[in-house]
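First the structure, in the form of structure tokens, and then the observations on it.
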Amino acid sequence: MKILVVGGGGREHAIIKALKKNPAVDVIYALPGNGGIAADAQCVPIGATDIEKIVAFAVEKKVDYAVVAPDDPLALGCVDELERAGVPAFGPRKNAAVIEASKAFSKRLMKKYNIPTAKFETFTSMDKALRYVDQVGAPIVVKADGLALGKGVTVAKTVAEAKEAIRQMMAEGKFGASGSTVVIEEYLEGPEVSVLSFTDGHTVVPMVSSMDHKRAGDNDTGPNTGGMGTVAPNPYYTPEVAERCMREIFLPTIQAMNAEGRPFRGCLYFGLMITRDGPKVIEYNCRFGDPETQVVLPLLESDLLTVMRAVTEERLGETEVRFSDKSACCVVLASKGYPVKYQSGYEIVLPALGENREIYVAGAETKDGKLLSHGGRVLGCVAVEDTLQKAVEAAYQVADSVTFENGFCRRDIGKRALDALKD
Ligand code: AMP
Ligand code: GLY
């Protein structure tokens, strides 16, 4: 079989490595992939949002199945176009990808179908937004409506901070068109849990839960990033919480999307906060999370390609999806200065890896046979072990055995989860 994967980060590397385990897979094309992914797939220099070229390539190569991983091409209708050209593809169509692409849409959906989430108001007028913040006070959360690479959210401790965020989004165009509509919402408190799920619009199968570490610095300090590390499972996702999420959030979301004429097929990611009043949705993503995927897929015991095709063909209900009960940890090695300002082009030497260890390459290119850093997040160093404690230690051993002069990582990935296990 010929498989095509759209995207070129650590998440895509993890997906490609999992797909490769299926013996029926002859070749995987990564569009565009990266210098590290090139060890596991044929990288083709077509950008992830160049929908026309992606479809033309898939048709020319007679690709049997495509996986569209990033949010942008999904929001642009990449799956719709591939299907139109006769190429079955994993991922939601454009009309369902809107669940991530527009926060105003997802917030209205949750309100209409009584899915627990933070109370909110949507604004297209800056004056009204500023006045609203004066009225309700802080702490309060300001979000750009559209896709902003996970950086369009300000959790404001003061009214002044909230107003500054609104001005930056609505007057200074910090996030371009994404910020012309803002969502202002109630500040929620509680531990966060990421749950990725497979769904074909009928059945929803949650994957093992995970915990992201979004801030750049130790002890959750510094600016927000795309994610500096993950652990799975997340100890706050107890069986009771899981049961409530299924009843109050997962199934109602799938049903709501069907009722709106936007059936969701693909990976639906629930960003949850476990508040005193129960689990609430912080955000939906229409795709696998990054770096959540790097800890979730190594724990998947079933064959990923089989599960994905069952999703596309709406047969998920009759397909086994099994996860190991081990734990995984991913420590991200990023370029010094990320996410603000950083340099690329530093040489990386990867160590030999033992069993249950992986390095997923997020940002690197090859030049003259050398692997050079290219981008903010560069590597995801992953270990799977019987316990979370062992997985965390082993992931740091992997990270510390990489040669990458300009790299840095947080030193406390997994600490919060381990503390929670002690309580
Ligand atoms: P998002 O991109 O919507 O996931 O938001 C990024 C981060 O901001 C989340 O992971 C939370 O840590 C935080 N956040 C978002 N919404 C809220 C909220 N209503 N209350 C408190 N924190 C929030
Ligand atoms: N790690 C968060 C995300 O993928 O959106």
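The values are calculated or read from the model by the stated rules, or taken from the named source; none is laboratory data. All values derive from a computational prediction rather than experimental measurement. Cβ: placed from backbone, ideal geometry, glycine included. Neighbour counts: every protein chain shown. For accessibility, only protein heavy atoms count, side chains too; no ligands or nucleic acids. Shrake-Rupley method; radii C 1.70, N 1.55, O 1.52, S 1.80 Å.
Yes or no: the stretch 359-382 includes at least one residue that is open to solvent by less than 60 Å² (accessible area, probe 1.4 Å), of a type outside the set (V, I, T) and more than 24 Å from G7 (Cβ to Cβ).
No, there is no match, as no residue in the stretch 359-382 is open to solvent by less than 60 Å² (accessible area, probe 1.4 Å), of a type outside the set (V, I, T) and more than 24 Å from G7 (Cβ to Cβ).
Could you tell me how many of the residues in the stretch 272-291 are part of a strand (DSSP E or B) and open to solvent by 10 Å² or more (accessible area, probe 1.4 Å)? Please lay out each step first, then the result.
Our first condition is that a residue be part of a strand (DSSP E or B); within the stretch 272-291, this holds for 272-275, 278-285.
Subsequent filtering for residues that are open to solvent by 10 Å² or more (accessible area, probe 1.4 Å) retains 273-275, 280, 282-283.
So the count comes out to 6.
Any residue in the stretch 255-267 that is in a strand (DSSP E or B) and more than 14 Å from ligand 1 (Cβ to nearest atom)?
Applying the first criterion (in a strand (DSSP E or B)) to the stretch 255-267 yields 266-267.
From what is left, the residues that are more than 14 Å from ligand 1 (Cβ to nearest atom) are 266-267.
Yes: one or more hits.
If K336 satisfies every condition in (1) in contact with a Gly (Cβ under 8 Å, 6 or more places away or on another chain); (2) under 16 Å from N34 (Cα atoms); (3) open to solvent by 70 Å² or more (accessible area, probe 1.4 Å) but one, which is the exception?
(2)
K111 - would you say it is more than 28 Å from I15 (Cβ to Cβ) and away from ligand 2 (no atom under 16 Å from the Cβ)?
yes
Just to check your reading of the model, which residue among G173, G91, G150 is at pLDDT below 95 and within 16 Å of ligand 2 (Cβ to nearest atom)? If you could, list the steps in order and put the result at the bottom.
Values: G173 fails: within 16 Å of ligand 2 (Cβ to nearest atom); G91 fails: at pLDDT below 95.
None of the others qualify; the one that does is G150.
So, in the stretch 258-268, exactly how many residues are crowded, with 24+ Cβ neighbours inside 10 Å and either within 15 Å of M110 (Cβ to Cβ) or of a type in the set (S, T, Y) (or both)?
Counting residues in the stretch 258-268 that are crowded, with 24+ Cβ neighbours inside 10 Å and either within 15 Å of M110 (Cβ to Cβ) or of a type in the set (S, T, Y) (or both) gives 2.
Does V204 count as at pLDDT 95 or above, under 30 Å from R244 (Cα atoms), within 16 Å of ligand 2 (Cβ to nearest atom) and of a type in the set (V, I, T)? It would help to see each step written out before you state the result.
Values: at pLDDT 95 or above: yes; under 30 Å from R244 (Cα atoms): yes; within 16 Å of ligand 2 (Cβ to nearest atom): no; of a type in the set (V, I, T): yes.
No, not satisfied.
Is there a residue being under 23 Å from M211 (Cβ atoms) and in a loop (DSSP other than H, G, I, E, B) anywhere in the stretch 343-353?
No.
Could you tell me whether the stretch 392-412 includes any residue that is charged (D, E, K, R) and under 20 Å from the mean Cα position of the chain (by Cα)?
Quick first cut of the stretch 392-412, residues charged (D, E, K, R) only: 393, 400, 405, 410-412.
Subsequent filtering for residues that are under 20 Å from the mean Cα position of the chain (by Cα) retains 410.
Yes - at least one qualifying residue is present in the stretch 392-412.
Quick one: N219 ticks every box in (1) open to solvent by 70 Å² or more (accessible area, probe 1.4 Å); (2) within 16 Å of ligand 1 (Cβ to nearest atom); (3) without any contact (Cβ under 8 Å) to a residue 24 or more places away in the chain bar one, so which box is it?
Going through the list (1) open to solvent by 70 Å² or more (accessible area, probe 1.4 Å); (2) within 16 Å of ligand 1 (Cβ to nearest atom); (3) without any contact (Cβ under 8 Å) to a residue 24 or more places away in the chain, N219 breaks only (3).
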